[in-house]
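Engineer: Right, I'll just put the structure down here and ask away after.
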Amino acid sequence: MCDDERRTFAELDDRARRVAQALRSLGVAEGAGDRVAVLVPNGIEFFEAVHGIGRVGAVAVPVNVHFKADEAGYVVRDSDAVAVVVHADLLDALASVADVPRLVVGAALAGAAGERDYDATLAAVPDGVDVVPAGGDGWPTTMLYTSGTTGRPKGVAIGEGDFRRRASGVAMMGARWDIGPADTYLLVGPAYHAGPAIWAQVHLAVGGTTVIMRRWDSEAFLRLVEQHRVTITHLVPANFIRILELDDDVRRRYDLSSLRVVLHAAAPCPVPVKRRVMTEVFPPGTVWEYYGASEGGGTSISPDEWLRKPGSVGRPYPGNELQIRDESGQALPPGEPGVLWVRTSGSSFAYHRDPAKTAETFDADGWFSVGDMGYLDEDGYLFITDRKADMVISGGVNIYPREIENVLYECPDVADCCVFGVPDEQWGESLVAVVEPVEGAELTADDVVAWVADRLAGYKKPRDVELVGELPRDPNGKVVKRRLRDDYLARLGGPA
């Protein structure tokens with residue numbers, strides 16, 4: 001359900017059947033693995049579209065609804081999409097791919113070439129007419145694009161049959177928390193993102209209820225949990241931060257006792273933030289963390305484990321192996337930070353149209369790395385220190401910005417923060433901290449530097465501090481560090 005709109009499973013099945021027929025009329029071939037882009041904000045139509053695309057034997061390509069024409073057009077072209085399901089409010093994002101047929105959700109059309117009205121087209125499909133693709137399990141049903149934090153988004157095409165293996169892995173994860181028909185899941189993140197959407201699909205698969213939140217609002221989240229007796233949800237650290245910013249009396253106004261599993265992932269969670277939400281917001285023993293990438297692999301950690309290993313993202317799922325390596329590719333012992341490498345049992349992927357990037361990502365033995373850095377402790381628990389691309393080398397010393405961010409989150413006057421490196425003639429790189437103060441706090445740049453200097457080595461102090469009203473985060477909860485860095489350098493007249 002979404003707002004006051006509801007779908008039973010029978011109604012969802014019928015609507016998916018009609019979407020499949022509508023896509024056939026737009027030229028999507030049955031069982032051929034054609035790509036169909038989905039540019040639809042959170043709502044029931046997103047799931048109707050994805051299920052209908054799978055039903056016709058095509059591949060859904062979810063597109064970030066915040067993309068502009070250049071970005072959305074790139075994904076549509078790069079994925080070889082033969083059709084797009086798009087919301088009327090987002091048609092401008094398809095300006096550069098106007099020749100691709102479109103099924104338009106949400107408004108009457110002006111009759112542009114290649115456009116079909118979603119509801120009218122579905123209503124015109126005869127009852128009982130279905131699509132039965134002939135054979136073919138050699139394609140995934142979804143091709144995700146990475147968030148593009150270091151450049152253009154990359155399509156992650158998983159190997160033949162891998163969707164079924166991954167679906168089995170997701171089913172295993174669902175079984176871990178005994179997810180079933182009695183559960184109600186609250187979708188708060190963007191449906192085009194793997195994390196929030198996959199848990200919605202798990203609940204649909206087992207006959208549970210999914211409640212869709214169109215856009216994030218901290219108090220509305222608390223209200224929906226109470227109203228629908230939500231049992232499971234998926235959040236990111238940015239959601240935690242915004243909930244903690246609410247007044248205590250507002251948080252206590254809502255009954256969250258129905259929650260039994262609060263999953264979080266997608267971005268590093270500062271230890272102080274997680275400790276607070278575990279003790280001040282959610283019922284005891286409910287906050288579970290996991291780590292993974294669109295490319296595959298993953299870990300998880302229970303609330304009790306995390307309290308014993310604060311900051312860890314857990315141990316690998318069955319069938320996954322982890323290894324930490326230095327720059328020369330040699331395995332490192334426990335406690336030594338380096339580049340994280342992953343190997344998954346019987347699973348593979350490739351970057352769409354980028355064989356060079358694919359080859360660079362894998363080694364000869366099937367291990368792959370997406371550029372995350374961290375270390376394994378003596379018990380095999382993984383701790384992520386940073387992205388390789390974000391590591392700063394100042395005066396020949398490696399500095400992990402996340403370590404400094406974690407220290408800043410311990411400051412009671414800091415609501416949010418981001419630390420990054422910029423070119424420095426003397427040191428090679430120097431550190432900049434962008435800090436969002438708690439509302440009403442009288443925080444200065446000198447206070448920020450002093451807080452870090454009292455807790456970390458002198459070379460880890462920010463050389464410059466900017467105070468802002470709110471940090472830019474993408475809809476997946478990640479701070480857009482590259483934008484902050486480019487804006488900072490542009491203001492100084494330096495290279496972006």
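The values are calculated or read from the model by the stated rules, or taken from the named source; none is laboratory data. Worth saying up front: this structure is predicted, and the values here are computed from it rather than measured. Note: ideal-geometry Cβ built from the backbone for every residue, glycine included; neighbour counts use all protein chains shown. SASA here: full protein model, heavy atoms, side chains in, ligands and nucleic acids out. Shrake-Rupley method; radii C 1.70, N 1.55, O 1.52, S 1.80 Å.
Engineer: How many percent of DSSP beta bridges within the chain run antiparallel, rounded to 5?
Structural biologist: That works out to approximately 55 percent antiparallel.
Engineer: Compute the angle between helix 481-492 and the longest alpha-carbon principal axis of the chain, please, reported from 0 to 90 degrees and rounded to the nearest 10.
Structural biologist: 60 degrees
Engineer: When the accessible area of the chain is split by element with a 1.4 Å probe, what percent falls to carbon and sulfur?
Structural biologist: C and S fraction of accessible area: 50 percent.
Engineer: Same structure, new question: Between Ala32 and Glu439, what is the spin-label point distance in nm, taking each point 7 Å from the Cα along the Cα→C-beta axis?
Structural biologist: 5.4 nm
Engineer: I need the shape label for segment 427-496. Rule: rounded when a/c is under 1.5, else prolate if a/b > b/c, else oblate, with a, b, c from the alpha carbon gyration tensor.
Structural biologist: Oblate, because a/c is 1.5 or more while a/b does not exceed b/c.
Engineer: Quick one: check the C-alpha center-to-center distance for segment 11-34 versus segment 54-126, whole angstrom.
Structural biologist: 14 Å
Engineer: Give the residue list of chymotrypsin sites (Phe, Trp or Tyr not before Pro) in segment 271-305 that are DSSP loop and have at most 12 other beta-carbon atoms within 10 angstrom.
Structural biologist: Numbers: sites: Trp288, Tyr290, Tyr291; in loops: none.
Passing both the DSSP loop test and the Cβ count: no residue.
Engineer: Using a 1.4 Å probe, what is the accessible area per residue for the chain, in Å²?
Structural biologist: Normalised by residue count, the accessible surface of the chain is 44 Å².
Engineer: Work out Dmax and Rg for segment 209-317 from the C-alpha atoms and quote the Rg first, both in angstrom.
Structural biologist: 13.8, 42
Engineer: Continuing with the same structure: If the cut-off is a Cα-Cα distance under 26 Å, which lysines reach Lys460, setting aside same-chain residues fewer than 8 apart in sequence?
Structural biologist: Qualifying lysines at Cα under 26 Å: Lys274, Lys309, Lys388, Lys478, Lys481.
Engineer: Pick out, from Pro316, Val277, Thr299, the residue whose Cα sits farthest towards the positive end of the charge dipole of segment 260-380, with +1 on the Cβ of Lys and Arg and -1 on the Cβ of Asp and Glu.
Structural biologist: The one lying farthest along the dipole's positive direction is Val277.
Engineer: Where the only charges are on Cβ atoms (+1 Lys, Arg; -1 Asp, Glu), what is the dipole of segment 301-402 about its Cα centre, to the nearest 20 debye?
Structural biologist: Working: 10 positive and 16 negative charges, 59 e Å.
Dipole size: approximately 280 debye.
Engineer: Another question, if that's okay. Would you work out the Kirkwood radius for segment 356-496? I mean one over the mean of 1/r across all pairs of different Cα atoms, in Å. Intermediate values should be presented prior to the final figure.
Structural biologist: Working: mean 1/r = 0.0603 Å⁻¹.
16.6 Å is the Kirkwood radius here.
Engineer: Radius of gyration and Dmax for the chain's Cα atoms, expressed in Å?
Structural biologist: So, for the chain, Rg and Dmax equal 23.2, 73 Å respectively.
Engineer: Can you tell which of Tyr459, Ile404, Val28 lies farthest toward the positive end of the dipole of the chain, using +1 and -1 charges on the Cβ of basic and acidic side chains (Lys, Arg; Asp, Glu)?
Structural biologist: The Cα lying farthest towards the positive end belongs to Val28.
Engineer: Rounding to the nearest 20 debye, state how big the charge dipole of the chain is about its Cα centre with +1 on each Lys and Arg Cβ and -1 on each Asp and Glu Cβ.
Structural biologist: 860 debye
Engineer: While we're looking at this one, here's another question. In degrees between 0 and 90, to the nearest 10, how far off the longest principal axis of the chain does helix 9-25 point, with axes built from Cα atoms?
Structural biologist: With both axes taken from Cα atoms, the answer is about 80 degrees.
Engineer: A further question on this structure: As a test of reading the structure, rank Ser394, Ser257 by solvent-accessible area (1.4 Å probe, protein chains only), most first.
Structural biologist: Solvent-accessible surface, decreasing: Ser257, Ser394.
Engineer: For segment 283-359, what size does the Cα cloud have along each of its three principal axes, sorted from largest down, in whole Å?
Structural biologist: Here the spans come out as 47, 28, 18 Å, largest first.
Engineer: Out of Gly329, Val287, Ala356, whose Cα points farthest toward the positive end of the dipole of segment 278-366 (charges: +1 Lys, Arg; -1 Asp, Glu; placed on Cβ)?
Structural biologist: Val287
Engineer: From the backbone phi of segment 26-43, what are the Karplus-calculated ³J(HN,Hα) couplings (6.51 cos²θ - 1.76 cosθ + 1.60, θ = phi - 60°) in whole Hz, Gly and Pro given as x?
Structural biologist: After applying 6.51 cos²θ - 1.76 cosθ + 1.60, I find 8, x, 6, 7, 6, x, 9, x, 4, 8, 10, 6, 10, 10, 9, x, 3, x Hz.
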